[in-house]
1. If I ask for residues that are in contact with a strand residue (DSSP E or B) (Cβ under 7 Å, 6 or more places away or on another chain) and not in a helix (DSSP H, G or I), which ones from region 43-96 would you list?
2. Quick check on my filter: what residues within region 18-50 are open to solvent by 90 Å² or more (accessible area, probe 1.4 Å) and at pLDDT below 95?
3. Any idea which residue in region 61-75 is farthest from Y20 (Cα to Cα), counting only those that are charged (D, E, K, R) and open to solvent by 70 Å² or more (accessible area, probe 1.4 Å)?
4. Collect the residues in region 1-17 that are open to solvent by 60 Å² or more (accessible area, probe 1.4 Å) and hydrophobic (A, V, I, L, M, F, W, C), keeping them in residue-number order.
5. Among (1) without any contact (Cβ under 8 Å) to a residue 40 or more places away in the chain; (2) out of contact with any strand residue (DSSP E or B) (no Cβ under 6 Å at 6 or more places or on another chain); (3) part of a helix (DSSP H, G or I); (4) under 22 Å from Y5 (Cβ atoms), there is one condition E23 misses while meeting the rest; what is its number?
Amino acid sequence: MNQSYEYDVAFSFAGEQREYVREVAKSINNKTVKVFMDEVAQVDMWGHDLMDHLHEVYKHKARYCIMFISKNYVSKPWTNFERQVVQARDLVEQGFLLPARFDKSEVKGLADTKVYID
């Protein structure tokens with residue numbers, strides 16, 4: 001597939017891990033790798049419905065999504081919404097979802113055989 005994406009990678013994470021994820025974004029966000037992270041894209045999201053905007057990013061605008069899994073991630077409504085969109089796309093485009101774990105929290109719908117980093 002020769003599709004052009006606005007972002008090379010989108011991050012999905014709980015606010016409790018924001019500092020760590022921010023450092024990851026700083027280390028890879030450059031002229032060749034474009035990262036979607038909510039606080040970086042605030043101007044783009046201004047005035048938009050957040051659910052619609054995030055759905056569009058995770059469904060169509062990012063080449064990959066790193067899901068930062070934690071006990072906080074699995075318990076929040078916003079991250080649950082993001083997870084559903086990301087997993088639906090990964091079902092069709094295997095390899096889209098790149099899981100990274102802070103702990104062993106079980107993610108609904110994520111197979112135990114999915115390779116992750118911690």
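The values are calculated or read from the model by the stated rules, or taken from the named source; none is laboratory data. Everything quoted here is computed from the prediction, not taken from an experiment. Quick reminder, even Gly has a Cβ in these numbers, built from the backbone with ideal geometry, and neighbours come from all protein chains shown. To get the accessible areas, we keep the full protein, side chains included, count just its heavy atoms, and leave off ligands, DNA and RNA. Shrake-Rupley method; radii C 1.70, N 1.55, O 1.52, S 1.80 Å.
1. Matches in region 43-96: A62, R63, Y64, C65, I66, M67, F68, I69, F96.
2. Step one: filter region 18-50 for residues open to solvent by 90 Å² or more (accessible area, probe 1.4 Å), giving 19-20, 23, 26, 31-32, 34, 40, 42-43, 46, 48.
Within region 18-50, E23, K26, K31, T32, K34, V40, Q42, V43, W46, H48 qualify.
3. Initial filter on region 61-75 (charged (D, E, K, R)): 61, 63, 71.
Imposing the further condition that a residue be open to solvent by 70 Å² or more (accessible area, probe 1.4 Å) reduces the set to 63, 71.
On the way: R63: 22, K71: 15 Å.
Here the answer is R63.
4. From region 1-17, those open to solvent by 60 Å² or more (accessible area, probe 1.4 Å) are 1-4, 6, 16; that's our starting set.
Hit for region 1-17 is M1, nothing else.
5. (4)
Every residue, every condition in (1) open to solvent by 30 Å² or more (accessible area, probe 1.4 Å); (2) touching an Asp or Glu at 6+ places or on another chain (Cβ under 9 Å), yes or no:
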| site | (1), (2) |
| --- | --- |
| Y58 | no, yes |
| Q94 | yes, no |
| A100 | no, yes |
| D103 | yes, yes |
